[in-house]
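Colleague: Structure provided below as structure tokens; questions to follow.
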Amino acid sequence: MDKIEKLEKQNEDLFESNRNVDKQVQDLLDEHPTWTNSAKRLREGKEYNVSQIEKNDQKIKELKSERDKIISKYKKNIENESNEDIEKNQSDSYIFIATSTIIEFLILIGIYFNNLYNFRSYRDTKKKLINDDNFKTYYEYNEILDVLYLNRKEKDKIPDKDLMLDLLHMNKVYLREDQLESAMKLFDALKIIETNGDVTYLIKEKDESENVIKEHFHIK
């Protein structure tokens, strides 16, 4: 388990490093649009990270496969021991012990598969963020929605731009002011927010807004 967690942590660090490279490239091109060669050199560093992430994912898969075999073997041993105990002694105490053991094991299996699902979802999201600009923008806009609806609901006033940027940075979402402004323009066009004078309000509930953004970016 420690080896798996170590590899997953390394992948998280590599993924974060790639995000920082993307930010550096974007900042460089914003300031110097013609410096494409410099931007290309910066991007080359991502190739090693992506390759290492894939290697780590393969190693994680192998480690989990080994763990599955151990669990399967353990399960068979437990089931065999339980069956022998039941056959030898039909008393309520033995039945209770066997049943409890099976239930606890099934709970462990449920936890394992839940963690496996979460990891695969996390891995798939990482790959999309690295390789799919459309999904990356969708992901960032969902982060902005989380800030907009923080302790708020439909018809509530949204926070000002500076506060939103601060909240995003606190959550390690490093967007620039122009990116936030683009998102707000899209939210206005999609009727998620509405401006009345100097005040901007939410005009949809969060779940409805998330569905609207998902449909806009064609995310399945």
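Colleague: In percent, how large is the relative contact order of the range 134-216, given Cα pairs closer than 8 Å and 6 or more residues apart? If you can, show how the numbers build up before the last one.
Modeller: On the way: 76 pairs, mean separation 30.5, N = 83.
Computed over the range 134-216, the figure is 37 percent.
Colleague: Cut-off is 10 Å between beta-carbons; in what order do VAL147, VAL21 appear when sorted fewest neighbours first? Kindly include the intermediate steps, with their values, before the conclusion.
Modeller: Numbers: VAL147 20, VAL21 17.
If I rank by nearby Cβ atoms, fewest first, I get VAL21, VAL147.
Colleague: Sequence-distant or interchain residues sharing an amide H contact under 5 Å with THR200, placed H: which?
Modeller: When sequence neighbours closer than 5 places are left aside, the close amide H contacts are ILE158.
Colleague: How are the alpha carbon pair distances in the range 134-216 distributed across 5 Å bins from zero to the largest one, expressed in percent?
Modeller: The calculated distribution, bin by bin, is 3, 15, 30, 28, 19, 5, 0.
Colleague: Go through LYS136/LYS191; LYS136/LYS161; LYS61/LYS220; LYS9/LYS161 and tell me which ones have a Cα-Cα distance over 29 Å in this structure.
Modeller: As for pairs spanning more than 29 Å Cα to Cα, those are LYS9/LYS161.
Colleague: Provide the gained length on full extension for the span GLU16 to SER51, in nm with one decimal, where the gain is 0.36 nm per separating residue minus the Cα-Cα distance. Working shown, then result.
Modeller: Values: separation 35, 0.36 × 35 = 12.60 nm, distance 1.45 nm.
Result for the pair: 11.2 nm of gain on full extension.
Here, each number is a calculation from the coordinates, and none is a lab measurement. Source: prediction; values computed, not measured. Positions of Cβ are backbone-derived with ideal geometry, glycine not excepted, and every protein chain shown enters the neighbour counts.
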